[in-house]
1. Counting only residues that are at pLDDT below 95 and touching a Pro at 6+ places or on another chain (Cβ under 8 Å), how many does segment 646-677 have?
2. Cβ-Cβ distance below 6 Å, separation of 6 or more or different chains: which pairs start in segment 50-76 with a residue that is farther than 25 Å from SER774 by Cα and end on one that is open to solvent by 40 Å² or more (accessible area, probe 1.4 Å) and assigned to a helix (DSSP H, G or I)?
3. Could you tell me how many of the residues in segment 653-672 are charged (D, E, K, R) and either more than 17 Å from GLN799 (Cβ to Cβ) or buried (at least 17 other Cβ atoms within 10 Å of the Cβ) (or both)?
4. I'd like the full set of residues that are out of contact with any Leu (no Cβ under 8 Å at 6 or more places or on another chain) and surrounded by fewer than 17 Cβ atoms within 10 Å (Cβ to Cβ), limited to segment 147-160.
5. Kindly provide the set of residues from segment 515-550 that are part of a helix (DSSP H, G or I) and of a type in the set (D, E, K, R), ordered by number.
6. Please state which of the following conditions THR462 fails to meet, knowing it meets all the rest: (1) within 28 Å of ALA276 (Cβ to Cβ); (2) open to solvent by less than 30 Å² (accessible area, probe 1.4 Å); (3) of a type outside the set (A, V, I, L, M); (4) without any contact (Cβ under 8 Å) to a residue 40 or more places away in the chain.
7. Please note which helices (runs of 4 or more DSSP H) are completely contained in segment 19-102 and include at least 1 residues that are surrounded by fewer than 18 Cβ atoms within 10 Å (Cβ to Cβ) and of a type in the set (A, V, I, L, M, F, W, C).
8. Specify which of the listed residues (THR505, THR462) is touching a Ser or Thr at 6+ places or on another chain (Cβ under 9 Å), under 18 Å from GLY578 (Cα atoms) and of a type in the set (Ser, Thr, Tyr).
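The values are calculated or read from the model by the stated rules, or taken from the named source; none is laboratory data. All figures in this text were calculated on a predicted structure; none of them were measured in a lab. Cβ coordinates were reconstructed from backbone atoms using ideal geometry, including for glycine residues, and neighbour counts include every protein chain displayed. In case anyone asks, the SASA skips ligands and DNA or RNA and just uses the protein heavy atoms, side chains included. Shrake-Rupley method; radii C 1.70, N 1.55, O 1.52, S 1.80 Å.
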Amino acid sequence: MEPIDYSSLRSNVSFLGKLLGETISAAEGEQFLALIEQIRSLSKASRVEEGSTREDLLAVLRDLDKDQVVPVARAFSQFLNLANIADQQHTISREMDPLLSASQELVSLLAELKERGVAQDDILASIQALKIELVLTAHPTEITRRTLIHKHSEISRCLAQLELQGLTAREQQQIHNRLRELIAQIWYGYDFRQERPSPVDEAKWGFAVVEDSLWRAVPEFLRRLDTALADNCDASLPLDAAPVTFVSWMGGDRDGNPNVTARVTEEVLLLSRWKAADLYLKDVIALIDELSMTVCDDILRELSGGAHEPYRAVLRPLREQLRGVLAAIEAELEGQPGDLGDSTLNVEQLWLPLHTCYQSMINCGMEAIANCALLDLLRRVQCFGVHLVRHDIRQDSGRHTQVLSELTSYLGLGDYDQWDESTRQAFLLQELQGMRPLIPARWQPGEDVQEVLDSCAVISRTAPEALGAYVISMARQPSDVLAVHLLLKEVGCQSRLPVVPLFETLDDLTRSRRVIDTLLQNDWYRSYIGGRLMVMIGYSDSAKDAGVLAASWAQYTAQEKLLATCAEHGVKLTLFHGRGGTIGRGGAPALEALQSQPPGSLHNGLRVTEQGETIRAKLGLTSLAVKTLALYTSGILRANLLTPPVPKDQWREVMDTLANDSCDSYRAIVREEPDFVAYFRSATPEQELGKLPLGSRPARRSGGGGIESLRAIPWIFAWSQNRLMLPAWLGAGTALERALEHGQGDVLTEMAATWPFFATRLSMLEMVFAKADSGLSAYYDDRLVPETLQPIGAQLRRQLASDSKTVLKVTGASGYLDDQPWIRESIDLRNIYTDPLNFLQAELLQRHRCQPDAILEQAIMVTIAGVAAGMRNTG
């Protein structure tokens, strides 16, 4: 493939930067704009010649007046945001359509499968079985306000309009004026939320993603998949095909978040139904406005009662039903319960009139009408149902233990918390199979216990199709799964909601096979799950626990063993991947991530989290979402039909050693270095991150300042700010170097060339090393870290330098990202703008920690957001 021409992207970045400069000049004056340009020029020069030029840059930044620090930080931060918008738009631009579009991805996929000898029947069967569940989570990594997200989307739309051929000078000027307006709105606005969002706010943000992007993206994706099938396989998707569905954790994820209560979950479930009805109503009204045809088949004629305009006549009652649903839900949300049950619409009631209209059009030769807006709405009904998304509930296993401990103590049975695992399992299975209730009517539990029971009661009152799964965080034993089944039974839950253990730490992943095998050996459990099981693999906490290389191998082998165990018991296993956006939390490009999974792991579908800022990056615009769905489809079909190689025994032995060595090296620093936590808190803005109003969930699971209590997201976020990127590489290079020293270089080269799992690990390490910057990390240490702790940072930077060279030895490359020159160039370009933000952040942190100040705090928040934009990720 010829190299991609990025000249139009560079032009857009330059143009947006010019408009930003004009806005800054108008708002702050020409002298201030000259200061920004001076800082930019010095930053660019310091990347070429570090010595005196860097000192000149630092001198300018240190001499900034207090009233200058916020606008200076905002100038560089906003430029990076605009560059990101241009970059994102370029990937979905008309110019890139022949190379990077969703249609091209799907056509290339089908052509490759046929070229490599995959039978057409197998391709069609795999597409028919395709199941992609994207789980939108409220993890607090979305640093951008919703109002800014809207403005960013509008800027992207304007850039797309400028691509159109034949624009008049007046039309072009109108678009330019709109861009000026949007950039000015951003500059004169405020960058952050004034307060943390509530869980309901987060849920509404998730619904907005559906409304603004996914509602249009799903039918468009299916249209493109259908077209690719017709052109390449002479086949089409069935009308009720639903290969993609969406799940939400927003308002249901109560793990470590006391703000998510039973009442909140109930409200979010209602809002979800309201938003679905609202979107359907708009579509139905649009159809009524347009479908004025009088020709129809006999079935529709009878259903319409012989109306002159039968399509409108059939759809008007549906319109009124939807209005009734909205009114009833609104009454309940306001505390005035209406007759919600009679007004509730189910999928069949929604589908029937729409499908009857569609079939009539097809029968009467009106395919050109049927296969447009009406077909899109039918596709939406299958994807979104009447609940818009399905909702998962997540809770920590310790909360369930607390309920049973308090209950058994009240009943005089002893303290469940003190029982061993076999005693717990025996008790739980006895109660699950018993006929009498366990919870006495007069029992008055403590507040925390009552909250867990109330949450279970919400599940029992909710329609099964509105729910996805009950996820158990920190699941460690079979009793953790059985406990949830018992609690749901005790509150009268009639549906069989999947109860999903989440294995997060290295030990939990290692133990997962035994836990699942024990459960499947039990007759009651095996009968209850009906031959289907879901298990969630945690990426974030396992990487924080053991380092990224050891964690990734533990995740891989755990999946292999779980698949084998379930196969032995005749159970179909769906693996639920709890990936984050960053490499330290399991993030990787979609195709590479899917192709590096164990063989067979995607046969029962893909369920994966989309977290925080990755929701916007992958799904925030309709065109982006269509492309993302096409990439997931491509990755799954390639993995299932072109099975990746099973690792050789020799590779496994090497990986076992690499994992052990990398884990030991990682933990030697993170766990065994007595001053590491103190160094971490000094050298990064970890303390200040807690003040950013990112999400409703606290940054720590419990009190204390240790790494164990810190959630994976701020752990990753903090290290990306000072550019050491520690969690994404620590331990990996040391292990690889030892393997080279033991003469395993040829084996590593073979693994990198032929095993997607290992190749992806190396590729991700290259990306990390390209973004890391030892010089900036050293500056943070110089300004922020007590002298007694600075040797830790020096040691880590030496390790970073050594590890980066080791990875190049294994890959045989002369430099990072040699095969991805634009990404390398993009990082270099962003460094010109992130460097001043990093230097300024370190300076501001030093001042603020000595003497707290509101203006300095605001400036620090701006630099944090700017560096996150420059790194293209947060947590």
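1. Qualifying residue count for the region: 1.
2. That search, which allows pairs on different chains as well, returns LYS66/ILE855; VAL70/GLN858; PRO71/GLU28.
3. So the count comes out to 4.
4. THR147, HIS150, ARG157, ALA160
5. ASP517, ASP523, ARG526, ASP541, LYS544, ASP545
6. Evaluating THR462 over (1) within 28 Å of ALA276 (Cβ to Cβ); (2) open to solvent by less than 30 Å² (accessible area, probe 1.4 Å); (3) of a type outside the set (A, V, I, L, M); (4) without any contact (Cβ under 8 Å) to a residue 40 or more places away in the chain leaves (4) as the failure.
7. Qualifying helices (runs of 4 or more DSSP H): 30-48, 51-62, 97-100.
8. Criteria check complete, one pass: THR505.
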